[in-house]
1. For the structure I just gave you, tell me whether A279 is assigned to a helix (DSSP H, G or I), touching a strand residue (DSSP E or B) at 6+ places or on another chain (Cβ under 6 Å), small (G, A, S) and surrounded by 19 or more Cβ atoms within 10 Å (Cβ to Cβ).
2. Name every residue in the stretch 121-157 that is more than 11 Å from the chain's Cα centre (by Cα), in contact (Cβ under 8 Å) with a residue 12 or more places away in the chain and in a helix (DSSP H, G or I), in order of residue number.
3. Before we move on, is K113 among the basic types (K, R), within 15 Å of I57 (Cβ to Cβ) and in contact (Cβ under 8 Å) with a residue 12 or more places away in the chain?
4. List the pairs whose first member sits in the stretch 26-52 and is at positive phi, whose second member is buried (at least 18 other Cβ atoms within 10 Å of the Cβ) and in a helix (DSSP H, G or I), and whose Cβ atoms are under 8 Å apart, counting only residues at least 6 apart or on separate chains?
5. Being of a type outside the set (D, E, K, R) and within 19 Å of K98 (Cβ to Cβ) is the filter here; which residues of the stretch 43-72 pass it?
6. Quick check on this structure: which one of V37, V20, V93 is under 13 Å from the mean Cα position of the chain (by Cα) and buried (at least 18 other Cβ atoms within 10 Å of the Cβ)?
7. Output the residues belonging to the stretch 251-262 that are within 10 Å of ligand 1 (Cβ to nearest atom) and either of a type outside the set (D, E) or within 15 Å of I124 (Cβ to Cβ) (or both).
8. Go through (1) among the hydrophobic types (A, V, I, L, M, F, W, C); (2) touching a helix residue (DSSP H, G or I) at 6+ places or on another chain (Cβ under 8 Å); (3) under 20 Å from G123 (Cα atoms); (4) touching a residue at least 40 places away in the same chain (Cβ under 8 Å) and name the single condition L298 misses.
Amino acid sequence: MNILISEKVLKALNNNQAVVALESTIISHGMPYPQNVQVALQVEKIIEEEGAVPATIGIINGVAIIGLNKEEIEAFGQRKDILKVSRRDLPYVLSQKKWGATTVAATMILAQKAGIEVFVTGGIGGVHRLGNETFDISADLKELSQTNTTVVCAGVKAILDLKLTLEYLETMGVSVLGYKSNNLAAFYSTDSGLPLDYRMETVQEIANFIKTKRVFKIDGGILISNPIPKKDEIPNEEINKYIEIALKLAQEKNIKGKDITPFLLANIAVLTKQKSLNANIKLIYNNAKLGAQIAKELSKLS
Ligand code: PSU
Ligand code: MN
């Protein structure tokens, strides 16, 4: 098989301990070195401190590893030959024995195969601005409609069209839960202004929601929108200026397809003098803590 679960993760799964999946695109294509590695390791530490076991997922020489070790995470942070792998890319990278960093979509698939319910990321992909013309809609959304993984995120990346993304999620039957919040979180900022139907006050409520969906056998993911802490946010008006500039730059340089998201994130970080990178890091830490708490609560229920 092309899938390998680390000893630590396997032991935790067999003992019904809380396990939290983590993606690797964020490391290889979402942040610059060395912050990417520092953050990936710190996220694992936060999850451990909450009493859960982290499982960072990535593909090495065609083998999907569930639970990368420190040296491997370091390699994902440094190597330049790592492909960004979504659902459609998985068979290619596996059969060609390449290295691949998994996006939200691919990480969901692999987490489900390994038997991990909870997965922590920064912000999911979505419908790009002008997506109604370009049809650029992240495969993350379709994945959420069909794969049984709970994704903890700080909402939808603000570089996207949040309103269209939320509509798409509704059409695809994806449950979106606002943790202690009424509105969808907007990645760099706490509030998109777009109302969510379900607000959850406690991790117990969230765990019950997940368990109910699974017991009832309604296939598909669950999206937890966990706003960035207020003190770490960049207000919408402020960040939007830079997003507009970065979007123009992408157009001028004719950046397309899967290169768009990494291009925008990197350029916004330069334009904001790393302020956006700092917010991106803080929101991931915040998600790691919540994800671990949800996983722990879930392990009590089963
Ligand atoms: N969240 C972050 N940084 C990232 C991503 C999410 O804080 O780099 C990645 C995820 O892997 C997500 C991907 O699946 O961006 C979306 O890419 P696309 O728009 O090409 O589907
Ligand atoms: Mn796309």
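The values are calculated or read from the model by the stated rules, or taken from the named source; none is laboratory data. The structure presented is a predicted model; accordingly, all values stated were derived computationally and were not measured. As a convention, Cβ positions derive from the backbone with ideal geometry for all residues, glycine included, and neighbour counts pool all protein chains shown.
1. No.
2. The answer is G131, N132, A139, L141, K142, E143, L144, S145, Q146.
3. Taking the combined requirement at face value, the residue satisfies it.
4. Filtered contacts from the stretch 26-52: G51/A292; G51/K296.
5. Passing the criteria: T56, I57, G58, I59, I60, N61, G62, V63, A64, I65, I66, L68.
6. From the options V37, V20, V93, the qualifying one is V20.
7. Listed by number, the residues that qualify are G257, K258, I260, T261, P262.
8. Going through the list (1) among the hydrophobic types (A, V, I, L, M, F, W, C); (2) touching a helix residue (DSSP H, G or I) at 6+ places or on another chain (Cβ under 8 Å); (3) under 20 Å from G123 (Cα atoms); (4) touching a residue at least 40 places away in the same chain (Cβ under 8 Å), L298 breaks only (3).
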